[in-house]
Every structure is written in structure tokens, then in C-alpha cells.
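This report refers to the structure that appears directly beneath it.
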Amino acid sequence: MQSVSRANLLRGRLRAEESAIRPPWARQAPDFAALCDGCGRCAEACPEKIITQDDHGYPAVDFARGGCSFCGDCVRACPTGALADDGGAPWHLVAEIGPSCFSFQGVICRACQDRCEANAISFRPILGGYFLPQVDAAACNGCGACVAACPLPAIEMRETA
């Protein structure tokens, strides 16, 4: 059985906290936790307003609020170096569409595809006139815009490497 903190129980969070998605260009653990002082400047600087705080006071990305534009404002606002653009990928996230997706239920919905600027989400036809979603992991930049566009909680962002 998973351990749930009393605070999370009172907040209605009945599952143990999963690891939070940090803002783009976040240092790897444990360096991130050692450098981040939880000041909140990255959240204040985020024009998309998708950076929140996790239960430990560290910044976390909430894709239900929208997608990341990779503008770098959070990195420039970070005074400690916990977020640092070293020229590499902002993160290694890929969208994963689960079985609760309307399309798997035979309902036409392409909200995620319409919102995907990277064109990483397509729908392949199957017998019976239905179309099922598929994510091109190589094309997906992990922006998370599809998560906010989905009318169901059918899309999650997963770490790839």
C-alpha cells in the first residue's frame, strides 16, 4: 500500500505524490534540489502561467494550465542556477495518450492534434471508420499543449531519457 501524507489526505490526494515535472532546463536531481531555494521567481516570470509549486515548495509544471513555449523566461529569472539553459534540450518529455481518450471509445475528437504545433500527433484510420491517435516521439517537443487541450485526463507527459 502506498503511503499518503496527512496533508495530501486532507487535500483529497489519495495517491502518493508522483515525481513532479520541473520547469524546462532544470538541473538533474539531486543538483536541482540542492540549488533551488523555492523563491518562485520562475513561476512569476512564466508567461504561460504553467509553473506552480509542488508539496515541497519546488517549482513544478502543470500542463493542465497550458503548454510551454520554451521562451526561457523562467531560466532568466532563476537566481540560483537550478534552471540553466546549456544549449541542450529543455527536457526529455513525450506525450502519451492513454486508453481513456475519446477516440478509443469511438468518439471523434482531435483536440490534441489541433493544438500540437510540432505536428507530433496524428490519427491513423482503423476498420470501422474510426481513427486512433498516435504520437511521433521523435517529433514531440514535450511542450504539453495537448494535455490542456484534451477534454479528458487522457494525455500524460512522460520522461523518455
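The values are calculated or read from the model by the stated rules, or taken from the named source; none is laboratory data. Remember, it's a predicted structure, so these values are computed and weren't measured experimentally. Counting neighbours? That spans all protein chains shown, and the Cβs are built from the backbone with ideal geometry, glycine included.
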Legend entry - residue 126, sole failed condition from (1) surrounded by fewer than 17 Cβ atoms within 10 Å (Cβ to Cβ); (2) at negative phi; (3) modelled with pLDDT of 95 or more: (3)
Inset, instruction - State whether one or more residues within segment 54-71 are of a type in the set (Ser, Thr, Tyr) and not assigned by TED's automatic domain parsing to the domain that holds residue 19. - result: no
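Yes/no per residue for (1) free of Cβ contacts under 8 Å to residues at least 60 places away in the same chain; (2) outside any helix (DSSP H, G or I):
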{"residue": "21", "(1), (2)": "no, yes"}
{"residue": "34", "(1), (2)": "yes, no"}
{"residue": "44", "(1), (2)": "yes, no"}
{"residue": "48", "(1), (2)": "yes, yes"}
{"residue": "56", "(1), (2)": "yes, yes"}
{"residue": "64", "(1), (2)": "no, no"}
{"residue": "68", "(1), (2)": "no, yes"}
{"residue": "71", "(1), (2)": "yes, yes"}
Inset, instruction - For segment 94-107, state whether one or more residues are closer than 26 Å to residue 29 by Cβ and surrounded by 18 or more Cβ atoms within 10 Å (Cβ to Cβ). - result: yes
Legend entry - residue 26 vs. criteria farther than 21 Å from residue 141 by Cβ, surrounded by 14 or more Cβ atoms within 10 Å (Cβ to Cβ) and touching a helix residue (DSSP H, G or I) at 6+ places or on another chain (Cβ under 7 Å): no
